[in-house]
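Presented below is the structure to which this report refers.
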Amino acid sequence: MYKHVIVKTPGRSYVNGLTTSDLGTPDYDIALEQHAAYVEALEKCGVEVTHLPANEEFPDSTFVEDTAVITPEFAVITNPGDATRNKEIVEMEPVLKEFHETIHHIHAPGTLDGGDVLQVDDHFYIGISERTNEEGAQQLKRIVESEGYKGTIVPLKEFFHLKTGIAYLGDDLIVAAGEFIEHPDFAQYKKIIVSAEDEYSANCILVNDYVIIPSGYDQTKSKLNEAGYKTIELEMSEFRKQDGGLSCLSLRF
């Protein structure tokens with residue numbers, strides 16, 4: 001059960017943030033509406049939301065997930081893989097110190113985005129991507145293993161971040177798309193398979209009694225409902241334009 005969630009309002013500079021997509025420039029006012037709906041959904045899930053103000057200096061800083069990896073016992077401050085995002089961690093660390101006494105760090109030349117880290121119970125899967133390098137992944141693996149967890153490094157072939165194509169719903173059940181459907185590292189788990197057309201909906205988040213999913217993916221929603229999960233649908237158009245998904249917008253612990 002999650003008790004706390006950290007989110008950050010997007011600033012006006014958000015529309016000039018990083019993206020590899022070709023979906024157009026975000027509409028800032030709509031992005032604010034969608035972010036407010038996201039916070040409302042989290043509150044419906046019964047968590048206490050720490051809502052950080054916008055910082056115009058960091059266009060991508062609404063994607064707080066990339067700045068840290070959090071467990072009940074400790075937090076890891078990452079070293080985001082794009083140089084324009086490195087200083088976001090300076091702003092996040094004092095916030096995390098309000099919740100955790102034990103703080104680890106990823107150090108250069110290692111890079112790590114939190115979006116490349118999936119926790120499945122006591123096992124961390126760490127993706128190597130354009131933003132997370134081998135050194136950063138190895139550092140996190142050593143950290144989690146020193147704290148009694150297991151770590152597996154997963155080089156990515158298709159997805160931008162690890163959690164772009166996979167989510168964990170508890171009870172050994174994952175949501176999997178693309179390269180993760182038949183991936184040997186995830187062969188032991190039960191799977192809800194997401195089709196290529198609905199790939200964006202693989203980035204969903206279980207928050208206590210609900211699975212929050214992007215709206216417009218009826219096939220994924222039906223599979224989740226059939227598996228016994230209650231769902232909340234949210235419009236994510238303005239965050240998808242900047243390579244963002246539901247998990248990217250919060251730190252949950």
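The values are calculated or read from the model by the stated rules, or taken from the named source; none is laboratory data. Quick caveat: nothing in here was measured; it's all calculated off a predicted structure. Cβ: placed from backbone, ideal geometry, glycine included. Neighbour counts: every protein chain shown. Note: accessible area is taken over every heavy atom of the protein model, side chains too, but ligands, DNA and RNA are not part of it. Shrake-Rupley method; radii C 1.70, N 1.55, O 1.52, S 1.80 Å.
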Open item on the list: So for the stretch 158-167 (the condition being open to solvent by less than 30 Å² (accessible area, probe 1.4 Å), over 17 Å from Asp113 (Cα atoms), touching a strand residue (DSSP E or B) at 6+ places or on another chain (Cβ under 9 Å) and of a type in the set (A, V, I, L, M)), does at least one residue qualify?
Closed with: no
TODO: Evaluate the following for Lys141: is it under 14 Å from Phe180 (Cα atoms), at pLDDT 95 or above and not in a strand (DSSP E or B)?
DONE: no
Open item on the list: If I filter the stretch 53-73 down to residues being of a type in the set (Val, Ile, Thr) and assigned to a helix (DSSP H, G or I), which single residue comes out as surrounded by the fewest Cβ atoms within 10 Å (Cβ to Cβ)?
Closed with: Val64
Open item on the list: Would you confirm whether or not the stretch 146-155 contains a residue that is in contact with a Gly (Cβ under 9 Å, 6 or more places away or on another chain) and either farther than 22 Å from Gly81 by Cβ or surrounded by fewer than 20 Cβ atoms within 10 Å (Cβ to Cβ) (or both)?
Closed with: yes
TODO: Find all pairs meeting these conditions: Cβ atoms under 7 angstrom apart; at least six residues apart or on different chains; first residue within the stretch 27-38 and more than 14 Å from Leu246 (Cβ to Cβ); second residue loosely packed, with under 14 Cβ neighbours inside 10 Å and among the basic types (Lys, Arg).
DONE: Tyr28/Arg12
- [ ] Give Asn208, Asn203 a once-over and let me know the one that is in contact (Cβ under 8 Å) with a residue 24 or more places away in the chain, on the phi > 0 side of the Ramachandran plot and touching a Gly at 6+ places or on another chain (Cβ under 6 Å).
- [x] Asn208
Task: Single unsatisfied condition, Pro59 versus (1) without any contact (Cβ under 8 Å) to a residue 24 or more places away in the chain; (2) over 26 Å from Tyr168 (Cα atoms) - done: (1)
- [ ] From the list Glu235, Glu226, Glu199, pick out the single residue that is closer than 17 Å to Pro10 by Cβ and of a type in the set (D, E, K, R).
- [x] Glu235
